[in-house]
1. Output the residues belonging to the stretch 141-190 that are of a type in the set (Asp, Glu) and in contact (Cβ under 8 Å) with a residue 40 or more places away in the chain.
2. I'd like the full set of residues that are in a strand (DSSP E or B) and surrounded by 18 or more Cβ atoms within 10 Å (Cβ to Cβ), limited to the stretch 159-179.
3. Output yes when any residue across the stretch 142-153 is aliphatic (A, V, I, L, M) and under 13 Å from Phe190 (Cβ atoms), and no when none is.
4. Please go through the stretch 129-141 and give me each residue that is under 14 Å from Gln191 (Cα atoms) and surrounded by fewer than 14 Cβ atoms within 10 Å (Cβ to Cβ), ordered by number.
5. Being assigned to a loop (DSSP other than H, G, I, E, B), of a type in the set (D, E, K, R) and within 16 Å of Pro198 (Cβ to Cβ), is that true of even one residue in the stretch 121-134?
Amino acid sequence: MSLILDALRKSDRERQRNAEERLREGPRPARVAAPPAWLMPVLLAALLCSAGALAWVVFSQERPPAAPLAGEAGQNVQNSPPRAAVRPLRSELPRPRPQSAPQAATQESEPAAAMTPADVDVEPLPPSLAELPPAFRDSVPALAINAHAWSANPAARFVLINLRRYAEGDTLAEGPRLLRIRPEGVVLEFQGEQFFLPRR
């Protein structure tokens, strides 16, 4: 009985020793199975067959016909029926007639003539309100030009003074009279004295 127990204990000790050695060594790498010997010839034969099939497809295609010679090309052109003449669309559209130089010069000179009529003011401007004596300046009411529209046509000129519209010859609500509308401003008259009010 003691012999059996000693044998069991001895086998347990060997089993534990083997387990400890395996743990120390770590996992063993798995062995890669070598490919079978018949695989390489099969792959080589398949590669040769595919290369032969590709070469057969390339060489079996029809080649394009050779270009005709110069004489044959000339004969083909002569024998071919004439094509209908195609007219471009631009020729069917009416072309605008270019204006002559005198007419263009006349059209360009018309606005210039309109901007220089005979009634354009050429007289010198009266002194501005700031140049007049202080007593007169204090008597003039506060005036501000809000809008100024000058034109070569006197009937088209107007100004907005203190947010009211006036034309030449009108009397302002504040008292002064609007004598002329100039490109630089307006000429006003107040208590018999003329003065110039520039636009802003």
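1. Kept after step one, since they are of a type in the set (Asp, Glu), are these residues of the stretch 141-190: 168, 170, 174, 184, 189.
Matches in the stretch 141-190: Glu184 only.
2. First pass over the stretch 159-179, keeping only residues in a strand (DSSP E or B): 159-161, 164-166, 171, 177-179.
Within the stretch 159-179, Val159, Ile161, Tyr166, Leu178 meet the criteria.
3. First, the residues of the stretch 142-153 that are aliphatic (A, V, I, L, M): 142-145, 147, 149, 152.
Cutting the leftovers down to under 13 Å from Phe190 (Cβ atoms) gives us 142-143.
Checked the stretch 142-153: at least one residue is aliphatic (A, V, I, L, M) and under 13 Å from Phe190 (Cβ atoms).
4. Applying the first criterion (under 14 Å from Gln191 (Cα atoms)) to the stretch 129-141 yields 129, 132-133, 135-141.
Residues satisfying the conditions are Pro133, Ala135, Phe136, Arg137, Asp138, Ser139, Pro141.
5. Just the residues of the stretch 121-134 that are assigned to a loop (DSSP other than H, G, I, E, B), to begin with: 121-127, 132-133.
Okay, now just the ones that are also of a type in the set (D, E, K, R), so 121, 123.
Keeping just the survivors that are within 16 Å of Pro198 (Cβ to Cβ) gives 121.
Yes, there is a match, as at least one residue in the stretch 121-134 is assigned to a loop (DSSP other than H, G, I, E, B), of a type in the set (D, E, K, R) and within 16 Å of Pro198 (Cβ to Cβ).
Bear in mind these aren't lab numbers, they're just calculated from the coordinates by the rules spelled out. Model, not experiment: these values are computed from the prediction. Ideal geometry is used to build each Cβ from the backbone, glycine not excepted, and the neighbour counts take in all protein chains shown.
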